[in-house]
1. Name every residue in region 223-280 that is within 17 Å of Leu305 (Cβ to Cβ) and polar (S, T, N, Q), in order of residue number.
2. Write out, first by first residue and then by second, each pair whose Cβ atoms fall under 9 Å of each other, whose residues are 6+ apart or on separate chains, and whose first residue, in region 212-238, is part of a loop (DSSP other than H, G, I, E, B) while the second is surrounded by fewer than 18 Cβ atoms within 10 Å (Cβ to Cβ) and small (Gly, Ala, Ser).
3. Have a look at Ser218, Ser230, Ser224 and point out the one that is surrounded by fewer than 16 Cβ atoms within 10 Å (Cβ to Cβ) and out of contact with any Lys or Arg (no Cβ under 9 Å at 6 or more places or on another chain).
4. If you check every pair at least six apart or on different chains, which have Cβ atoms under 7 Å apart with a residue in region 187-211 that is in the same structural domain as Thr159 (by TED's automatic domain parsing) and of a type outside the set (S, T, N, Q) first and a residue that is surrounded by fewer than 19 Cβ atoms within 10 Å (Cβ to Cβ) and part of a strand (DSSP E or B) second?
5. Does region 302-321 include one or more residues that are crowded, with 20+ Cβ neighbours inside 10 Å, in a helix (DSSP H, G or I) and over 13 Å from the mean Cα position of the chain (by Cα)?
6. Where residues in region 253-267 are part of a loop (DSSP other than H, G, I, E, B) and touching a strand residue (DSSP E or B) at 6+ places or on another chain (Cβ under 6 Å), which of them is nearest to Pro222 (Cα to Cα)?
7. Which numbered condition in (1) in a helix (DSSP H, G or I); (2) outside the structural domain of Asp100 (by TED's automatic domain parsing); (3) buried (at least 17 other Cβ atoms within 10 Å of the Cβ) is the only one that Val250 fails?
8. Restricting attention to region 268-292, which residues are crowded, with 17+ Cβ neighbours inside 10 Å and either outside any helix (DSSP H, G or I) or modelled with pLDDT under 95 (or both)?
Amino acid sequence: MMFRFSPLSPARRQLLCRTVLLSLLAGGFTSGALAQDKSAYPRQPIKLVVPFAPGGSTDIVARLIADAMHGPLGQPVVVENKAGAAGLIGAEAVARAQPDGYTIGVGTISTLAVNTVVLKSARHDPLRDFAPITTLAQIPSVFSTHPSLGVGDLQGFITTMRARPDHYTIGSAGVGSIGHLIAESMNAELGIHMRHIPYKGQGPVVNSALAGETQVLSDQYPSSSSLVQSGRLVPFAVAAPQRLPALPQVPTLAEAGYPALNRLAITWFGLVAPAGTPQSVVETLNQAARDALKTPAVRERLAQLGVQPLGGTPAQFARLIAQTRSQVEQLVEQRRIPME
């Protein structure tokens with residue numbers, strides 16, 4: 001049997017072509033929209049792991065930035081505290097998380113540059129197991145003494161310490177803590193010999209200095225500012241990029257000729273994601289965090305806390321981690337600091 005087709009009229013042919021073209025275009029737009037929707041980030045809330053207990057400086061800054069990132073991301077950033085083991089529990093929770101951008105963490109000089117060098121229990125590598133996102137902020141440190149020591153400046157401090165080696169003491173939050181490393185670095189760079197006294201946490205360290213049980217204290221400036229301003233402790237140096245407006249007469253260790261000690265004693269922290277997180281996701285988080293740091297309300301609150309905002313690229317944060325970790329490794333080897 002033969003089928004005979006009658007030729008289409010020009011008008012019907014034009015109508016058919018238009019119909020086919022519109023169908024193809026509609027299908028293309030639908031596919032493109034689905035592909036774009038599938039790859040959109042973020043599509044749900046993001047968890048931000050803070051490896052310390054609520055209320056500390058790291059937690060306060062993390063919550064401030066998390067709230068400000070909501071706007072740029074269009075999704076809430078929810079802080080979850082996972083404290084314990086000097087920050088190891090929280091850090092390793094981030095390292096083991098799915099690299100999809102929905103679990104990120106706060107990394108600090110302790111969790112990213114110190115713990116993995118001095119703690120045998122550390123099972124993560126800061127350069128292998130994390131994707132750096134951006135630095136967030138840094139906190140200057142102040143070095144002070146008990147008033148009974150009669151020291152008023154850095155040179156006077158050095159002279160006093162050298163006059164009686166192994167007599168004066170400095171406390172830290174424990175063997176292998178960043179405070180312990182700072183004490184060892186002070187001994188090495190200043191040519192002095194203080195005895196290190198480990199305590200269980202920074203709170204007892206500050207209390208021992210106030211009571212005169214230890215004569216020297218290194219501490220984050222925000223937590224010691226009221227003690228210094230009231231005269232209960234006497235500052236002789238700060239670790240900061242430049243002199244602090246509140247202590248204009250007190251030099252930085254860098255300007256006094258001790259840049260390595262100055263660098264080690266500045267507390268910094270930033271955002272990290274699990275290794276393998278897509279670069280596009282890292283870039284989205286980086287931009288959101290940097291936008292948050294530019295917010296006037298955030299900058300005002302950070303200034304009130306004595307915290308200096310940073311920001312930067314993932315590559316810059318990676319270099320900071322690597323450089324600080326190398327400095328810690330050298331110090332541990334030179335001073336023969338035992339691993340815990």
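1. Answer for region 223-280, where residues must be within 17 Å of Leu305 (Cβ to Cβ) and polar (S, T, N, Q): Ser223, Ser224, Ser225, Ser226, Gln229, Thr267.
2. Pairs that qualify, where the first residue is part of a loop (DSSP other than H, G, I, E, B) and the partner is surrounded by fewer than 18 Cβ atoms within 10 Å (Cβ to Cβ) and small (Gly, Ala, Ser), are Gly212/Ser148; Gln215/Ser148; Arg232/Ser226.
3. Going through Ser218, Ser230, Ser224 in turn, the sole match is Ser230.
4. These pairs meet every condition: Met194/Thr169; Arg195/Thr169; Ile197/Thr169.
5. Checked region 302-321: at least one residue is crowded, with 20+ Cβ neighbours inside 10 Å, in a helix (DSSP H, G or I) and over 13 Å from the mean Cα position of the chain (by Cα).
6. Ile266
7. If we test Val250 against (1) in a helix (DSSP H, G or I); (2) outside the structural domain of Asp100 (by TED's automatic domain parsing); (3) buried (at least 17 other Cβ atoms within 10 Å of the Cβ), just (1) comes out false.
8. First pass over region 268-292, keeping only residues crowded, with 17+ Cβ neighbours inside 10 Å: 268-274, 277, 281-282, 284-286, 288-290, 292.
Correct list: Trp268, Phe269, Gly270, Leu271, Val272, Ala273, Pro274, Thr277.
The values are calculated or read from the model by the stated rules, or taken from the named source; none is laboratory data. Source: prediction; values computed, not measured. No Cβ is skipped: glycine too gets one built from the backbone with ideal geometry, and neighbour counts run over all protein chains shown.
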